[in-house]
Amino acid sequence: MEGQAKQAYFVNEAFNHEEPPQGGGASGGGVGGGGDNLHRRKSGGNKELQLDMGGLKKGQDVAGSDPPSMDFDDILPLIGEFGRYQKLLFICMIPFSFFVAFVYFSQIFLTLVPEQHWCHVPELDGLDVEARLALSIPMSNGEYNNCYMYDVNYTELLAQGKVMADPKWPRVKCRHGWSYNFTEIPYSTVATDQNWVCDDAALPTYAQSIFFLGAIVGGLLFGWVADRFGRIPALIGTNMMGLLAGVGTAFVGNFWQFAAMRFFVGFAFDNCFTMMYILVLEYVGPKYRTFVANMSIAIFFTGAACLLPWIAYFLADWKLLAIVTSAPLLLAIFTPFVVPESARWLVSQGKVDKAVGILKKLEKGNGRQVPAQTYQIFADSCKRMREQEAQNGNYSVLDLFKSPRLRRTTLLLIVIWMAISLVFDGHVRNVGSLGLDIFFTFTLACFTELPADTLLTVILDRFGRRWLACSSMVLSGVFSLLATVVPVGIYSAALAIMGRFFVNISYNIGLQWAAEVLPTVVRAQAVAFIHIMGYVASIIAPFVVYLANISQALPLIILGILGIIGGLLSLLLPETLNHVLPQTLNDGEEFGRGQSIWDFPCLAKQVDDDEEEKKRNGDVEEVRSQAFVRGTQTGASLNASTGGELRSSILRRSIKSRNSTKL
């Protein structure tokens, strides 16, 4: 090129990367041009990334220029963004989607208790149900009491020919267990076998909270395993833990044994899926990540969740259900034969050659050919980025609380995510209180995940995070509250399910938004911390649902209020769509300053397009530091993808690597 020494630069046509301008000097904005500047990049077509060596031999640099840089998102278009190999990995997500759905939801169907249950009176076993109830069970609010019986001599009453109880007879708590009406729930559960009703009715709630305690411990444990030994060993380990404890659940003899098994099953939630989820997203090009991230949840997870109640219904045996929903986790041991180790983790461990070997395997599987010198440049870039990551390793979550605006943003993210998690899990577990068949209602409520994820895929990168999060949370709260003012049954259930639909949208926005708002240097640790706080909120959710025993409307009232509060608080967070994401703590402190609460990215699109047109015509020249440019590509930065975001488990719905930021 005229006026410049021959140099290497990357023409990323997939992002409409501009060529270095003609003419020499340090002001040239190319990769090799005297400074750490890159032209602003914008997501564009699907053309391949091209490398123009400009006659430069391998290893040769221009004096005074930066070495060429290439990260994972630069090389993926060369080896294939969604070729045959990635499609195989996408299909491999199916069993893991079933695993997480079974681990998360199965306890609901293991601990169901029919609404109609009464004290068992052995002396009246020879009578039909109606006769037994009429003679032995007192009435309460027009229905037979679940927990009390008359304290009389039933043998003598039968000898006297009594067929109807006297309401004045003395009452006593059940002495000989309970009888259950299995018409609506056609099988016995661990709760009915061990009579977790009346004074012990809260035991399933305690067990569910203990499950989430296990999820916190498991997240920390297998997060450490993932960082120390690799993602594949952690993925296998978490699934094996779920397998052993899940099968062990079928052989428990009391509550504490059951609670212990569910604690260890919690170790598998939700790492049994999200580690696979992140591994697959890592090898999918930026153009297809939104599809893979959303559709794996919308299709695979939703399908598994909708299937689960009918597995329970047709098996009609809680012990068999525990085994059938746990045994498939054994398939995880075959993962190393199909799924490669995380290339980013290998790079973080200094095993760049192994990472390159995996990329070459993808290249071969996709029928591509990539020059050896490209891999060399990629390897050199990874080594430099690893050194940069080491420099950032001194930061911790505590640094987020040392400056006022960043502290405020972090606290808001924690509170909002806790509200989302509690509302989401509350809606999941409240389906049994909606007055309809729980198997049908649960299926319909879970099916809302499909349209929610599909809709979000279309609108998230158009309307932004802030107002979508606000509107979806507020609407979830409004529909939840409306469900309490209509008759119990189909109307209240329909409104509650609409509340579930909108909180699905909020959940999918939540942690991705957090990953974008928080600075890169602490992003991994911060997202993990926020997600753990979501687990803390989920521990409370079963107790909120348990309030239905006091009033059927109470859970929905609480979920509705929390939804509205969480939605309104989200307006206080900065919008991230079409904004350069923060890299340093100082960037995080300044991020969003000057934004108005009424800023709508979709309304600003025309202004942005005009600016881009001016840049293309040469009227405006905008440059960004290389660190900022790479930092705005979600999933492109090595710093943002190693050493902790795997611990920030749904999701890890937060790490849905969308190419959503307009550069």
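Across 10 Å bins from the origin, how do the percents of Cα pairs in the range 280-353 run, short distances first?
15, 29, 32, 18, 6, 0
For the range 296-439, what class follows from the C-alpha gyration tensor (a ≥ b ≥ c being the square roots of its eigenvalues): rounded when a/c is under 1.5, otherwise prolate if a/b is larger than b/c, else oblate? Mind showing how you got there, number by number?
Working: a/c = 3.14, a/b = 1.38, b/c = 2.28.
It comes out oblate by the Cα gyration axes.
Only sites in a loop by DSSP and with at most 14 other Cβ atoms within 10 Å count here; which trypsin sites (Lys or Arg not before Pro) in the range 148-196 make the cut?
Lys162, Lys168, Arg175
How would the range 457-570 be classified by its alpha-carbon gyration tensor: rounded, prolate or oblate, with rounded meaning a/c under 1.5 and the a/b versus b/c comparison settling the rest?
Working: a/c = 3.01, a/b = 1.61, b/c = 1.87.
It is oblate, given that a/c is not under 1.5 and a/b is not larger than b/c.
Please identify the trypsin sites (Lys or Arg not before Pro) of the range 338-424 that satisfy two criteria: DSSP loop assignment and at most 13 other Cβ atoms within 10 Å. Which are they? Intermediate results must be reported in sequence, preceding the final value.
Numbers: sites: Arg344, Lys351, Lys354, Lys360, Lys361, Lys364, Arg368, Lys383, Arg384, Arg386, Lys402, Arg405, Arg407, Arg408; in loops: Lys351, Arg368, Lys402.
Sparse-neighbourhood loop trypsin sites (Lys or Arg not before Pro): Lys402.
Give me the dipole magnitude in Debye, nearest 20, for the range 208-312 about the Cα centre, with unit charges on the beta carbon: positive for Lys and Arg, negative for Asp and Glu. Walk me through the numbers before you get to the answer.
Numbers: 5 positive and 3 negative charges, 23 e Å.
That gives a dipole near 120 debye.
Between Asn153 and Phe543, what is the spin-label point distance in nm, taking each point 7 Å from the Cα along the Cα→C-beta axis?
About 4.7 nm separates the two model spin labels.
At each listed q (0.11, 0.13, 0.19 Å⁻¹), what is the log10 of I(q)/I(0) that the Debye formula gives for the range 156-287 modelled as equal alpha-carbon point scatterers?
Debye output, listed in q order: -0.59, -0.72, -1.07.
Using unit Cβ charges (K, R positive; D, E negative) and no other charged atoms, how large, in debye to the nearest 20, is the dipole of the range 371-422 about its Cα centre? Intermediate values should be presented prior to the final figure.
Numbers: 7 positive and 4 negative charges, 53 e Å.
Approximately 260 debye in magnitude.
Magnitude of the Cβ-charge dipole of the range 67-125, K/R +1 and D/E -1, about the Cα centre, nearest 20 debye? Please list the in-between numbers first.
Values: 2 positive and 7 negative charges, 67 e Å.
Charge dipole of the range 67-125: 320 debye, to the nearest 20.
If you stretched the chain out fully between Lys360 and Trp224, how much longer would it get, using 0.36 nm times the residue separation minus the C-alpha to C-alpha distance?
On the way: separation 136, 0.36 × 136 = 48.96 nm, distance 2.83 nm.
Taking Lys360 through Trp224 to full extension adds about 46.1 nm, to one decimal.
Using a Förster radius of 30 Å, what is the FRET efficiency between Lys87 and Ala316 based on their Cβ-Cβ separation? Nearest 0.05, please.
Values: r = 38 Å, r/R0 = 1.26.
It comes to 0.20.
Taking every alpha carbon pair in the range 77-136, what does the distance histogram look like in 10 angstrom bins from 0, in percent?
16, 21, 15, 14, 13, 9, 9, 4
Normalised radius of gyration for the range 247-326, please: alpha carbon Rg relative to 2.2 N^0.38 Å, two decimal places. Display every interim value, and only then the final one.
On the way: Rg = 16.4 Å, N = 80, 2.2 N^0.38 = 11.6 Å.
Against the compact-globule rule of thumb, the ratio is 1.41.
Read-outs: derived from the displayed coordinates by stated rules, not from any lab. Bear in mind that the values here come from a model prediction, so they are computed numbers and not experimental data. Counting neighbours? That spans all protein chains shown, and the Cβs are built from the backbone with ideal geometry, glycine included.
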